[in-house]
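The next block holds one structure in the form of structure tokens; read it before the comments.
The values are calculated or read from the model by the stated rules, or taken from the named source; none is laboratory data. What you see is a predicted model, and the numbers here were worked out from it, not measured in a lab. Cβ placement follows ideal geometry from the backbone for every residue including glycine, while neighbour counts extend to all protein chains displayed.
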Amino acid sequence: MGYRHFDTAKIYGSELAVGNALRRAIHDGLVEREDIHVTSKL
């Protein structure tokens, strides 16, 4: 996974997909949670 910063928002409709992809990448050992930065907007 090349990206380390993920910018999401409910209005983008991407939060679920981003969350699932990150969970899978962390579980598979592709990335450490400490190396990922996620932002979201209200």
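Worth a mention:
- Test: residue in the stretch 1-10 that is under 10 Å from the mean Cα position of the chain (by Cα) and assigned to a helix (DSSP H, G or I): no
- Hey, GLU15 at pLDDT below 95 and acidic (Asp, Glu) or not: yes
- Subset tally (residues that are in a loop (DSSP other than H, G, I, E, B) and within 15 Å of GLU15 (Cα to Cα)) for the stretch 25-42: 2
- Within the stretch 8-34, tally of residues that are loosely packed, with under 12 Cβ neighbours inside 10 Å and of a type in the set (A, V, I, L, M, F, W, C): 4
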